[in-house]
Amino acid sequence: MKAAQVQEKGGDFIIVDLDKPKPGKKEVLIKVEACGICHSDALVKEGHYPGLQYPRVPGHEV
C-alpha cells in the first residue's frame, strides 16, 4: 500500500510503499482512497509530542 510517511522529526512527508496490515481479532481492514492531514499531524511531524517514534504515518482523519 502507499502511505505518506515522516522519516524523522521535522522531516518532509514522503510517499512510501508499505506492506498491507493484517487485521487482528475483532478488527477489519478498510480500503482508504484519500485521507486528510490535520494540524495535529503537523505537530507530530515536527515532534511536538513526547515519546513519538519515527518513521511515522500520520492520517487519523479517516
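The values are calculated or read from the model by the stated rules, or taken from the named source; none is laboratory data. Since we're looking at a predicted model, the values are computed, not measured. Using ideal geometry, Cβ is built from the backbone for each residue, glycine included, and neighbour counts are taken over all protein chains shown. Just the protein is used for accessible areas: all its heavy atoms, side chains included, with ligands, DNA and RNA removed. Shrake-Rupley method; radii C 1.70, N 1.55, O 1.52, S 1.80 Å.
Could you check how many residues of the range 1-13 are surrounded by 13 or more Cβ atoms within 10 Å (Cβ to Cβ), in a loop (DSSP other than H, G, I, E, B) and of a type in the set (Gly, Ala, Ser)?
1
Considering every residue within the range 54-61, establish whether at least one is open to solvent by 80 Å² or more (accessible area, probe 1.4 Å), outside any loop (DSSP other than H, G, I, E, B) and at pLDDT 90 or above.
Scanning the range 54-61, I find at least one residue that is open to solvent by 80 Å² or more (accessible area, probe 1.4 Å), outside any loop (DSSP other than H, G, I, E, B) and at pLDDT 90 or above, so the answer is yes.
Taking the condition of being on the phi < 0 side of the Ramachandran plot and not in a strand (DSSP E or B), how many residues in the range 14-28 meet it?
10
Output the qualifying pairs, or none if there are none: Cβ atoms under 8 angstrom, residues six or more apart or on different chains, first residue in the range 1-26 and modelled with pLDDT of 95 or more, second residue among the acidic types (Asp, Glu) and open to solvent by 100 Å² or more (accessible area, probe 1.4 Å).
From residues that are modelled with pLDDT of 95 or more, the pairs are VAL6/ASP12.
Output yes when any residue across the range 31-43 is modelled with pLDDT of 95 or more, open to solvent by 40 Å² or more (accessible area, probe 1.4 Å) and either among the basic types (Lys, Arg) or more than 11 Å from the chain's Cα centre (by Cα) (or both), and no when none is.
No, the conditions are met nowhere in the range 31-43.
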